[in-house]
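Values quoted throughout were computed directly from the atomic coordinates according to the rules given, and no laboratory measurement underlies them. None of the values given here were measured: they were computed from a predicted structure. Because the Cβ atoms are built from the backbone with ideal geometry, glycine has one as well, and the counts that use them run over all protein chains shown.
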Amino acid sequence: MIHLRGVSKQFEGKSKVTALERLDLHIDRGEMVSIVGPSGSGKSTLLNLIGGLDRPTEGEIEIDGEILSALSDDGLTRVRRDKIGFIFQFFNLLPTLTSLENVSLPLHLRGWPRKKIDERARELLELVQLTARLEHLPDELSGGERQRVAIARALSIFPPILLADEPTGNLDTHTGAEILKLMHDLHERLGATVLIVTHDHSVAESCPRTISLRDGRIVADQHRQALNQEVSRA
Amino acid sequence: MRLLRLISWPYARKHLLRWLLTTAGIVLGVGVFVGMHTANQSVSAAFRETIDKVAGTTQLQVTAGEPGFGEEVLEKVQSLPDVRAASPVIEATVSTGKGNLLILGVDMLGDRSLRTYDLDGTDEAIDDPLVFLAQADSLIVTKTFAEKNGLKINSRMPMRTMQGDRVFTVRGIMKPGGLASAFGGDLAIMDIYAAQMFFGRGRKFDRIDLALRDDVTLAQGTAKLRALLGPGYEVDPPSSRGEQFEQTARIYSLASNITSVFALFIGMFIIYNTFAIAVTQRRSEIGILRALGATRSQVRTLFLVESLIAGTFGSALGVLFGIGMAQAMAGYIGGILTDVYGVAQRADGLDLNPVLLGGALAMGIVTSLFAAVIPARAAASVDPVKALQKGRNQALGEGESRMRRWAALACAAASAVALIFSRNTVIFYAGFVLSGITAVLLAPSLTLWLSRALRPVLAGIRPVEGTLAADSLIQGPRRTSGTVAALMLSLALVIALGGLARSSYNSLSDWMRIALNPDLFVTTAQNLTARNFVFPASLGVGLRAIPGVAEVQLVRSVRVTVKGGPVMLVALDVASVERRAKLPPVEGDQADMYRRTERGEAVLASENFVRLHGGRLGEILEIPAPGGTLRLPIAGVVRDFSDQQGSLLISRDAYMRAWHDDTVNVFRLYLTRGAREAEVRQRILDAFGKQQRLFVLTNKDVRDYVTRLTDQWFGLTYVQIAVAVLVAILGIVNALTVSITDRRRELGVLQAVGGLRQQIRHTVWMEAAAIGFIGLALGLLLGAVELYYAIEISRRDLVGIDIGYSYPVATALALAPVILGAAFLAALGPAESAVRGSLVEALEYE
C-alpha cells in the first residue's frame, strides 16, 4: 500500500537541515500505524511526504501503486483527492463554512452532484455524531466537535489512506480519548490504512504498529501483537 | 527609531510587494499632479518666453484686439514726445508641414532700435535694410530653423499666402540666442509691408511695439498713450499677453487641476487602505509590543513614521515620474491649446518650478501622513489582551459599522439640504464634497451587503471557489472596502466625465445641426481656430459668382475684451443667418432679437458668455473698438459653442463701422438645389486657389473637425480612465495580495483536500472579479450622482452651458469589461503566488 525506498528530506536554509535520512518503510493495506518520536525527529515531515504535500529530496514513495515523484503537482493533488484523507492537529476547517459545507468541500472539488454531496456529508456527520451541528460554523463548535468535522471531511470520499497529524494534540484528555475511539471505530468499519503522528503514548499504544523516529531515522518498528506476546512471555 | 528598525523594517522587507504597492499609490498621485502642472506651466512659460524674446527692449505694446488697426495709428504714437521708438508688428504662425513657424513682420528700418538681429556672417541685403525692403520675398530665418530644414543664404522656401503659393528667399540667418531662440527657434522675419500683403492684413498692423524715453515712467507712458488713442486700444507691457493667454486657457487649467488633485486623492486612499490592512494584520505584533511596555503614542508614532517614509520615498519617485510625464505631455497639451484656442506656442524644454516640485513633495508626504492617521490611531488603541488572542480580527465591528452608517446618513442629509440652497457657491460645493463623503462612509457596509448578495451567485457558478471567494470578502471587509471605495471614486469620476462628454457631444451635435449647416466653408486654414490669415471681403463677390453657389455668408471672428475677459466677437450677416441657421433663443424674443441685432442696435450673447461673465438679457455691454466704445444691449441669449469663454454675435455692418475692418475669416456657402458639393468645391479652388491661400471644407469636414477638437479636449477624460484603471489594478492587487496572505492556510487546506491548482486560481480570480464587480456597481451608482454635480459645475463655473443630464450608458458598459479585465489581470500574480507556495508551510501558517 505505502512504500518508501531510501527517502531523504533536507531543508535548505542558512544551514542545511536533514529531516529524514534514507528511510525505507512498508505499510500494508488496512494497517493502523502510529508514528512517534521527539520534536524534530521527522514525524510530520514523513506524514507530509506520504500525503504528497511535500516532495522528498531523494528516494521514492509509492502509494497504492503510484510513484509520487513521477507525478506533477496536479497529479499529486489527484492522489490526495482520491486516496488520502487528512486530519490536522489544528483542525484546519474553513472558518467561513458550516460543518456541512466543510465536509462537502472535497466532494465539490471532485465535481460531485449537489444532491449526492449533501447526502454523503450528512451521512458522515451522522457517523461522527454531529447531526445536531450541521449548520454551525467552526467558531461555534467545541474543540472535539471541530475535530469530528475534520474527521468527517477526511472520510468524505472514504479514502483508502487516512493521515492524522497529532489529532488529539489540541484536545483535552477526555475529548482526545473520544476522538481516538472514533478513529478506531472508523478504521474497523471502513478498513482504511491509518497513520497517526503523535506525541501521546496512549494514542501510540492504541495502534497495532508503532514506528519510532529519531533524527530522521527509524529507530524502532514494533508490532503491538508481537510486543504483547513478548510482554506475556516475559 | 529603534522600533522602526526592529519592527517596521523586517515587516516591510517581508511584505516588499505590498510596500511597493503602497508607494505606487503616492507615486501615481504625485506623478500625475506634477506631470499635469509642469506640462501646463511649461507651455505657459514657453509662451511667455517667446513673448519676452520677441519683445526685445519693447516696454509697451499698443493693440486693438485681433482685427488690428490702421497705419495712421503708428504716426499718432510716434508723434508722442514720450515715445523714443515705435515699430509696427504683424505676428502670425504658419504651418510649414514640418511644424509651426512663427513669422514676425517688422519694419527693418525702425525695428533695430527695439530688437537685435544678430546675423550669421554678412549679407548685403540685410546690411542695407532698403534692399531687404525692396525684395518682398525676403526672409530671415534662425540658424536652428535653417539647420533643421537644410536652408542656406539664398535658399528658397515655398509658403501658401493670401497672394497664392509664393517662394521666399532666405536672405539672412540669425545666430542662436535672444530673438532667434523665441518659439523654439522656429522663427522667421519678414518685412512688415510684405507681411500685410501675404497675410491679407490690408493696410493694418497687429500691434505697435514701443520704447519710452528714459525720463518717462511706464505708468506715465501708458496713461498718455491711452489718452491719445482712446478706448478701442489697449496699451500694456508685453508680459500682459501671457496673462491673456492664461485667462483664455483658464478652463483647460482648471480641468487639468481637477485631474491632478483627483489622482492625489486616489493615492491617499491606496495608502489609507494599505495601512488599515497593515494594522489589522499586525494586531498580534502590536499586542506583543504593548504587552512588552510600548506606549500607545510609541505605537502611533511607529505607524506614522512608516507612512512618512513611504510618503517621502513615493513622493520623490512621483516627482521624477511626473517630470517624465510632463516631458511626454507638454507637446500634447501645447497641441490642444493651439487647436482649441488658436494660440500657437510650443514648449521645447520643461519649466521646472522648484516651488511646485517642493510643494508636490510636501503634499505627497502630508497626504501620506494624513492617510495613515486613522490607521495609526487604530493601532494605538489595540487592546493587547484581545490582540494576543488567536482568531479572526478582520471583521468590522458592528458598532463601528453603525457609527459610519449614521455619519453617512447625516452627510447625505446635509448634502440634500445643500442642494436646496445650491445658489450659494460655497454651499453647492460643500454639498458636492458631502455626497462623496457619504459614499466613502457607506462603502464598507455596501461592500459587505453586496458580497453577501453575491455569495449564492458565485456559489452557483462554482460551489467551492465561488463560496470561498465571497466568504473572503465577507470576512475581510477592511481588506476590501478601501479598494472598493477607491475603485468606486475613480469610476464615479469616469462616469461623471464620460457623462459630461456625452452630454456635451449631444448638445454640440444639436448646435452643429443648426449653426453649422452651410454646404461648404471657405477658410484660410484647415485649423478653423487659427486666425492668422484673413480674406478680403471682395472674395465674397467672387464666390457668389461661382455656379452652384446660392448664398454666401461672410464671417469675421475676433477675440476682444468684454467685461474684463477675453470673448469671441462673431460678426456676420444676421438676416442671412436668421434665415438659414436660426439659433433658438435660450432667453429673449426670437424675432425681436434677430431684428435688433441685424440693425446693429444690439448683440446676441451666447449662453456661456452670460453665465461665465455674469451678463443678463437687456444689459448694455461696453465693447471697446478702435472706432470708439460700442454700447450695445444683449437682445437675446442663444446656445453657441463658438468659444469656451463665450461669444457675442454682432451684425457685420456694425463691426465694420467700429473696427474699420472688412476682412473675413470664413465664408459660409449654401449651394443651389442639385449642385454637387465636390464640383463646386473644385470650381472654387480652380478660380481662387492659385491666387491666394484658401481651403474649401465640406460640411462633413467641419463637423469632423469640431468633433475631433472635442475629442482632443476630452482627451483628459481618457487620462482619467487610465488613472482609474491603474487604481483598479493597484487596489485589487493590494487587496488580493493581502487576502492571499490572510488565507494561506485556507488555500493550503483546499489543496490538501484535493483542490487542483486551477481551482485555487479560480478562487482568487473570482474574488478579484467580485471586488471589481462591487467597485463597478458602486462606482456606476455614485457616478450618476457625481454626473449631476459635474454638469452643474460645468454650467456654473466652466463652460457656462446647460447641457442636460444624460447618463453615459455606453461608457458604463465599456467600463464593465475594462474593470473586470483589470481585476483579472490584477489577480494573475496573487493567484500564482497562492498556488506556488509551499503547502506544508501554508498549513502551518499562523
Backbone HN-Hα couplings from phi across the stretch B:169-183 [Karplus 6.51/-1.76/1.60, Hz, Gly and Pro as x]: 10, 6, 10, x, 10, 8, 5, x, x, x, 4, 5, 9, 5, 6
Charged-residue dipole, Cβ positions (Lys, Arg, Asp, Glu), chain B about Cα centre, Debye nearest 20: 2880
For the stretch A:32-40, Karplus couplings with θ = phi - 60° (6.51, -1.76, 1.60), whole Hz, Gly/Pro x: 10, 10, 9, 10, 10, x, x, 4, x
Prolate/oblate/rounded call for the stretch B:394-497, Cα gyration tensor, a/c under 1.5 rounded: prolate
Linear extension gain, B:SER95 paired with B:ARG579, 0.36 nm per residue minus alpha-carbon span: 170.7 nm
Gyration tensor over alpha-carbon atoms, the protein assembly as shown, equivalent ellipsoid semi-axes in Å: 80, 30, 27
Per-pair calculated FRET efficiency, R0 = 22 Å: B:ARG836 and B:LEU20 via Cβ, rounded to 0.05: 0.70
Inter-probe distance in nm under a simple model that places probes 7 Å from Cα toward Cβ, at A:ARG114 and B:SER538: 8.8
Peptide-level mean, for A:94-100, of C-beta atoms on other protein chains within 10 Å: 5
Percent of alpha-carbon pairs separated by more than 41 Å within chain B: 47
Shape call, the stretch B:435-576: gyration tensor on alpha carbons, a/c limit 1.5: prolate
Dipole-positive endmost among B:SER435, B:LEU317, A:ILE50 within the protein assembly as shown (Cβ charges, Cα centre): A:ILE50
Rounded to 10°, Cα long-axis angle of helix A:173-190 versus longest principal axis of chain A: 90
Two-site FRET efficiency, B:ASP592 against B:ALA416, from Cβ-Cβ distance with R₀ of 45 Å, rounded to 0.05: 0.65
Value of [θ]222 nm, deg cm²/dmol, for chain B, DSSP H segments ≥ 4, -39500 (n - 2.57) each, nearest 500: -20000 deg cm²/dmol
Cα gyration tensor shape of the stretch B:129-215, rounded if a/c is under 1.5, else prolate or oblate by comparing a/b with b/c: oblate
Entries of B:LYS148/B:LYS690; B:LYS204/B:LYS563; B:LYS76/B:LYS204; A:LYS83/A:LYS115; A:LYS43/A:LYS83 with Cα pairs more than 18 Å apart: B:LYS148/B:LYS690; B:LYS204/B:LYS563; A:LYS83/A:LYS115; A:LYS43/A:LYS83
Listed residue (B:VAL261, B:LEU357, B:LEU458) projecting farthest to the positive dipole end of the protein assembly as shown, Cβ model: B:LEU458
Farthest positive-ward along the stretch B:635-770 dipole, Cα basis, beta-carbon charges - from B:GLN712, B:TRP659, B:HIS762: B:HIS762
Inter-centroid distance (Cα atoms) of the stretch A:71-89 relative to the stretch B:256-300, Å: 40
Separation of alpha-carbon centers, the stretch B:466-492 and the stretch A:1-40, rounded to whole Å: 43
Phi to ³J(HN,Hα) by Karplus 6.51 cos²θ - 1.76 cosθ + 1.60 over the stretch A:76-89, Hz, x for Gly, Pro: 4, 4, 5, 4, 4, 5, 9, 10, 10, x, 10, 10, 9, 4
Point-to-point label distance, B:ALA687-B:ARG513, nm (Cα→Cβ direction, 7 Å offset): 3.2
Magnitude of the charge dipole, the stretch B:33-99, Cβ model with Lys/Arg +1 and Asp/Glu -1, debye to 20: 300
Full-stretch length increase - B:GLU601, B:LEU308 - with 0.36 nm per residue and alpha-carbon distance subtracted: 99.0 nm
Among B:565-574, B:821-830, A:15-24, the order from most to least packed when residues are scored by Cβ within 10 Å on average: B:565-574, B:821-830, A:15-24
Assigned charges on the beta-carbon of Lys, Arg, Asp, Glu; the protein assembly as shown dipole about Cα centre (debye): 1020
Peptide ranges B:230-237, A:78-85, B:704-711 listed from the most packed, as the mean C-beta count within 10 angstrom indicates: A:78-85, B:230-237, B:704-711
Length added when fully stretched, B:ARG657-B:ARG213, from 0.36 nm per residue minus Cα-Cα: 156.4 nm
Label-point separation, A:ARG22 to B:VAL373 (7 Å along Cα→Cβ), nm: 6.8
